[in-house]
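**Student:** Starting off with a structure, shown below.
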Amino acid sequence: MRKKWTLLTSMMAFVFILAGCEPLLVLDPKGPQAQRQANDIMLSIGIMSVIVIVVMVILTFILFKYRESKLPDDYEPPHIHGNKWVEIVCVGVPILIVAYLSFVSVKSNYIVESAPEGYENQEPLVIYASSSDWKWHFSYPEEGIETVNYLYIPTDRPLEFKLYSHGPITSFWIPQLGGQKYAMSDMVTTLHLAADAAGEFMGRNANFSGKGFAENTFNVTAMPQADFDDWVKEVHETAKPITESEFEKLLEPGHLGQMTFTGTHLEFSPAPEHAHNEVSDEDNNESHEHTNHEDHTEDETDHSGH
């Protein structure tokens, strides 16, 4: 009896603790990319739940049906070589599940890597998001604005983030708008997002990058386009311009609050000029030229020998 009350009390405490937890941000999407990923997560949870329930039901049935009974001590159960239908189910069902989830994952990957659904014909807002120890720099080249540790974006407009790092590899992530993507020092990666609703969201670095990693976060505010335009105008009227010396100070390791500047550091410290595929092309060209040079040298050596 005491064990039952202990188990019941533990379960009730567990339920009350979970009730006080905040909702998972990835399951509270505010954009088409995040919505797609949330749907995939719920699909996976649903499939796994069905599997667990079916297995538990079968286990309960087997335990009940083949429980110990009043049989003679010398009883020996018949020897069974196997059942082809059981083997087909045990092997075929997992194959079908993995194949289906693979299809969904590949399809979703192409969707989230392209322009958000419903925004294909709109001009995106380009934002360069670069990280340093341990802060985020957001450059708006079209608007001539730069912010530190906070991001203002318009709703109902596609966003095209150009990601790179001034230090170690980091990962740009706004859970309610989409999945994470790496920012590296020698290349630019592109992330497509969009916000369907106004509000404030949390963004952070999702890749460990040193002792200040835990506080490497930023705030995101989504607002209607008209309010965003008013903010741009206000910044140009009130903020000071960013200078090369000021930017060098910002890159020093440490934590900062939110800061706003006119102009961007891209004017004197541009982003890497290539993406990963361009690096591969350059390497291939250099390798090809090097091979041709070696072949030419070998030919000259052969001719000199003759």
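The values are calculated or read from the model by the stated rules, or taken from the named source; none is laboratory data. This structure is a prediction, so every number in the text was calculated from the model and none was measured. Backbone-built Cβ (ideal geometry, glycine too); neighbour counts: all protein chains shown. Surface accessibility is based on the protein's heavy atoms, side chains included, excluding ligands, DNA and RNA. Shrake-Rupley method; radii C 1.70, N 1.55, O 1.52, S 1.80 Å.
**Student:** Please work out if G210 is over 18 Å from the mean Cα position of the chain (by Cα) and not in a strand (DSSP E or B).
**Tutor:** Against the criterion (over 18 Å from the mean Cα position of the chain (by Cα) and not in a strand (DSSP E or B)), G210 qualifies.
**Student:** Taking the options P116, P29, name whichever one is at pLDDT 90 or above, under 30 Å from E160 (Cβ atoms), touching a His at 6+ places or on another chain (Cβ under 7 Å) and not β-branched (V, I, T).
**Tutor:** Within the list P116, P29, the selection yields P116.
**Student:** Take K70 and tell me if it is part of a loop (DSSP other than H, G, I, E, B) and touching a Phe, Trp or Tyr at 6+ places or on another chain (Cβ under 9 Å).
**Tutor:** When the stated conditions are applied, K70 does not pass them.
**Student:** Would you confirm whether or not the stretch 102-113 contains a residue that is touching a strand residue (DSSP E or B) at 6+ places or on another chain (Cβ under 9 Å) and part of a loop (DSSP other than H, G, I, E, B)?
**Tutor:** No: zero hits.
**Student:** Identify the residue in the stretch 256-288 that is modelled with pLDDT of 90 or more and open to solvent by 80 Å² or more (accessible area, probe 1.4 Å) and, among all such residues, is farthest from A214 (Cα to Cα).
**Tutor:** This residue is E267.
**Student:** Does L63 qualify as being loosely packed, with under 10 Cβ neighbours inside 10 Å and free of Cβ contacts under 8 Å to residues at least 12 places away in the same chain?
**Tutor:** Against the criterion (loosely packed, with under 10 Cβ neighbours inside 10 Å and free of Cβ contacts under 8 Å to residues at least 12 places away in the same chain), L63 qualifies.
**Student:** If you don't mind, another one. Please tell me if T221 is farther than 20 Å from D133 by Cα, touching a helix residue (DSSP H, G or I) at 6+ places or on another chain (Cβ under 8 Å) and open to solvent by less than 60 Å² (accessible area, probe 1.4 Å).
**Tutor:** Answer is no for this residue.
**Student:** Right, another one. Please count how many residues of the stretch 161-199 are closer than 22 Å to G254 by Cα, surrounded by fewer than 20 Cβ atoms within 10 Å (Cβ to Cβ), touching a residue at least 40 places away in the same chain (Cβ under 8 Å) and hydroxyl-bearing (S, T, Y).
**Tutor:** Total meeting the criteria: 1.
**Student:** A further question follows. For P116, work out the one condition from (1) open to solvent by 10 Å² or more (accessible area, probe 1.4 Å); (2) closer than 30 Å to G46 by Cα it doesn't fulfil.
**Tutor:** Only one criterion is unmet by P116, namely (1).
**Student:** Every residue in the stretch 227-241 that is among the β-branched types (V, I, T) and over 30 Å from the mean Cα position of the chain (by Cα), please.
**Tutor:** Correct list: V235, T238.
**Student:** Applying the selection to the stretch 77-89, what residues are exposed (fewer than 10 other Cβ atoms within 10 Å of the Cβ) and in a helix (DSSP H, G or I)?
**Tutor:** K84, W85, V86
**Student:** Return the residues of the stretch 119-172 that are under 23 Å from A239 (Cα atoms), polar (S, T, N, Q) and not in a strand (DSSP E or B); say none if nothing qualifies.
**Tutor:** N149
**Student:** Something else now. Looking at (1) open to solvent by 40 Å² or more (accessible area, probe 1.4 Å); (2) part of a helix (DSSP H, G or I); (3) in contact (Cβ under 8 Å) with a residue 24 or more places away in the chain, which one does E237 not meet, given that it meets all the others?
**Tutor:** (3)
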